[in-house]
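Please read the structure below before turning to the comments.
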Amino acid sequence: MKPQSTHCQPGQPGASGIRAGLAGTSSLKSIDWPALLATAPFFMFAIVMMVMPTAALLATAFVDKQGGFTLANFAEIVTPEVADAFMASAKISAATAVLGTVLGLILALTAGRRMTSQKVGAAVMSFCGVASHFSGIPLAFAFIATLGRLGLVTVFLRKAFGIDIYAAGFELASFSGLTLTYLFFQVPIAFTIIMPAVDRLSTQTREAAEMLGATTTQYWRFVGLPILWPTILGALALLFANAFGGVATAYALTGTAMNVIPILLYAQIRGDVLHNEQLGAVLALLMVFVMTVTISLYLMLRVRSERWMK
C-alpha cells in the first residue's frame, strides 16, 4: 500500500484555509506597529473628546425629560428665540468670513508678492501667526480696554478730536462690535490660508501674459483669480465655521446682550433657570452639522487648490 500524502492538493478543502492563514499572518506583519502605537494617544483622545460626546448628544436629543423617545425636541428649533439666534450667528459668521477673506487676500497679495520690504513681510507673517490664536476672554478684554466706553481709543478720540463713537451709534456689545472683534483673528487665519497659494503664483505665467499683451486686470481675471479661487472659497468656509462655533469671545464681550447660538447653547447646559438639556443637545447637533458641512467643503476645496500648486 502507498503511504497517504500529508500535503493538501490545490483542489482539497484545506488548501484555502492554509492560504487564508498565511495571508492573515503577512497582513499582520505589514502593519507598522511603532507608528500605530505612536498615534494611539491621538485616536484615544479623538474617541473620548469627539466620538463619545457626539454619541451622547444623539442619545440626549431624541429623548424627553422622562427618558422616552421623542422628536419634539427638534420642533423647538423653529421657535423665535432659536431662529433669531441662528440667523444672528449666520450673519456674524458670514460677515466676518467675507470681510476676513477679502482683507486676508489683500494682505497676502501685499506681503506675498513682495510689494513691501522683506522686513515688513516678515513682521506681517509673525503678527498673523500670533493673532490667529489670540481669541476668547483675553481678546474680549483687549477690545473692552481699547474700544469700550472708557477704553483707551474711545477716550482719546473724545478728548483729542471731540469724536464720541458711542454717541454716533457704535456699541461693542452689538453686531458691529462683535464682527470687528472677530476680524482680529479671522483676517490672520485667512492670510495663513491664502498666503501659500499667492506665494506659488508663477512669475513666468505673469510674464507670459504680459508678453501676450494682457493687462494687469486681464491677468487677475483670467489667470490669477481662477488659480486662487478654490483657496479663497476654502478660506470662506473655514472662517464661517470658526466664527459660528466661537463662544468664549462672544460671551465675554457681550454677555447675554447678543442672542447667538453658542451663547444660547451655553445658557441651556449651564444649569440656571434656562436649563434644558434636550434643547442644548439639539442646538449642539445643529452646530456640529454646520461645522461638518463647512469644514468638509473647506477640505474639498483645499484638495482642488493644491492641484494648481503642483
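If I model a spin label at Phe43 and Phe222 as a point 7 Å from the Cα along the Cα→Cβ vector, what separation in nanometres do I get?
5.2
Hey, what's the stretch 147-247 come to in accessible area per residue, 1.4 Å probe, Å²? Could you put the intermediate results ahead of the total?
Numbers: 5180 Å² over 101 residues.
Normalised by residue count, the accessible surface of the stretch 147-247 is 51 Å².
With every protein chain left in place, what is the accessible area of Trp229 in Å² (1.4 Å probe, nearest 10)?
130
Would you work out which of Thr203, Leu297, Ala284 lies farthest towards the positive end of the dipole of the stretch 193-297, given +1 charges on the beta-carbon of Lys and Arg and -1 on that of Asp and Glu, about the Cα centre?
Thr203
Can you tell me the accessible area per residue over the stretch 32-83, all protein chains present, probe 1.4 angstrom, in square angstrom?
Normalised by residue count, the accessible surface of the stretch 32-83 is 75 Å².
Which net charge results for the neighbourhood of Asn73, defined as the other residues with beta-carbon distances under 15 angstrom from its beta-carbon, given Lys and Arg at +1 and Asp and Glu at -1?
Net of charged neighbours comes to -3.
Among Val98, Leu109, Gly169, which residue has its Cα furthest toward the positive end of the charge dipole of the stretch 86-172, with +1 on Lys/Arg Cβ and -1 on Asp/Glu Cβ?
Value computed over the given set: Leu109.
Ignoring ligands, DNA and RNA, please state the percent of accessible area on the stretch 54-205 from carbon and sulfur, probe 1.4 Å.
With neighbouring chains kept in place, the figure for the stretch 54-205 is 71 percent.
The values are calculated or read from the model by the stated rules, or taken from the named source; none is laboratory data. Remember, it's a predicted structure, so these values are computed and weren't measured experimentally. Cβ atoms come from the backbone with ideal geometry, glycine included; neighbour counts cover every protein chain shown. Just the protein is used for accessible areas: all its heavy atoms, side chains included, with ligands, DNA and RNA removed. Shrake-Rupley method; radii C 1.70, N 1.55, O 1.52, S 1.80 Å.
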